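See structure below.
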Amino acid sequence: MPRPIFRRRKYIIQKGLQFRYIGLVFGLALIASIVTGWTVFATGWYFLGEKLASVYPQGRLIYVLRATNLALIRNLLLVSPLIFILGLLFSHRIAGPVYRISKTLEEITKGNLGLKIKLREGDELVDLADMINNLTDNINKTITSDKDIAIKIEKDLEEIKKLISGQPCDCAKVGSLINSIQEKSKELSSSFTKWTA
């Protein structure tokens, strides 16, 4: 069954989570750029500097080195907003589902077991959302079954009351109803044993 399509309205859902994620992505990209740039330039200029020192005047090599470093810094500054925007877009694929899952779990803890977590196509944590949806389905089935058993027990108890109040008392019928109640009570007990506290 295809998932419903939801449109993004807000890109900043959980500021703390998203900005930590963006900071991590940005920091790693910056570190990788600096290390790569430094390695290329330091190695290149070390070997080229020795070879070209006799051909070019010393001041010319320093000018070329400074211009190259300024170009590297300028390009890093130009790419930084793109890294930030991409980090924001990718962090939203995590922060959006975390927000939606936490809001749904708040409602579930209030007793609303009919809710389903619906995520957008491309969002992360789909497996977790599916597991929570399956959990609430199982709890709903158990509760429905237990309610049916409780209703049957109440009917049997009403029948016992009627039999006892009538004269003469049909002890065989009362005994049969008590046995029925005991069986249903065992069903409830076995239903509760699958949940551990």
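The values are calculated or read from the model by the stated rules, or taken from the named source; none is laboratory data. Remember, it's a predicted structure, so these values are computed and weren't measured experimentally. Glycine also receives a Cβ, built like all others from the backbone with ideal geometry; neighbour counts cover every protein chain displayed. Protein only, heavy atoms only, side chains kept; ligands, DNA and RNA dropped before computing areas. Shrake-Rupley method; radii C 1.70, N 1.55, O 1.52, S 1.80 Å.
Structural remarks
- Picking from residues in region 80-92 that are surrounded by fewer than 17 Cβ atoms within 10 Å (Cβ to Cβ) and in contact (Cβ under 8 Å) with a residue 24 or more places away in the chain, the one that is nearest to residue 10 (Cα to Cα) is 89.
- Consider region 106-121 and keep the residues that are open to solvent by less than 70 Å² (accessible area, probe 1.4 Å), without any contact (Cβ under 8 Å) to a residue 60 or more places away in the chain and touching a helix residue (DSSP H, G or I) at 6+ places or on another chain (Cβ under 7 Å). The one that is farthest from residue 140 (Cα to Cα) is 117.
- Residues of region 122-133 that are open to solvent by 50 Å² or more (accessible area, probe 1.4 Å) and within 14 Å of residue 95 (Cα to Cα): 124, 125, 128.
- Pairs with Cβ under 7 Å, 6+ apart, first in region 170-197 and in a helix (DSSP H, G or I), second modelled with pLDDT under 80: 173/163; 174/163; 174/164
- Residue, modelled with the lowest pLDDT, within region 183-197, restricted to residues that are of a type outside the set (Val, Ile, Thr) and open to solvent by 100 Å² or more (accessible area, probe 1.4 Å): 197
- Residue 149 being part of a helix (DSSP H, G or I), free of Cβ contacts under 8 Å to residues at least 60 places away in the same chain, open to solvent by less than 70 Å² (accessible area, probe 1.4 Å) and over 22 Å from residue 17 (Cβ atoms): yes
- For the criterion of being over 30 Å from residue 30 (Cβ atoms) and either surrounded by 13 or more Cβ atoms within 10 Å (Cβ to Cβ) or touching an Asp or Glu at 6+ places or on another chain (Cβ under 7 Å) (or both), residue 142 passes.
- In region 179-188, the condition of being within 30 Å of residue 10 (Cβ to Cβ) and out of contact with any helix residue (DSSP H, G or I) (no Cβ under 8 Å at 6 or more places or on another chain) is met by no residue.
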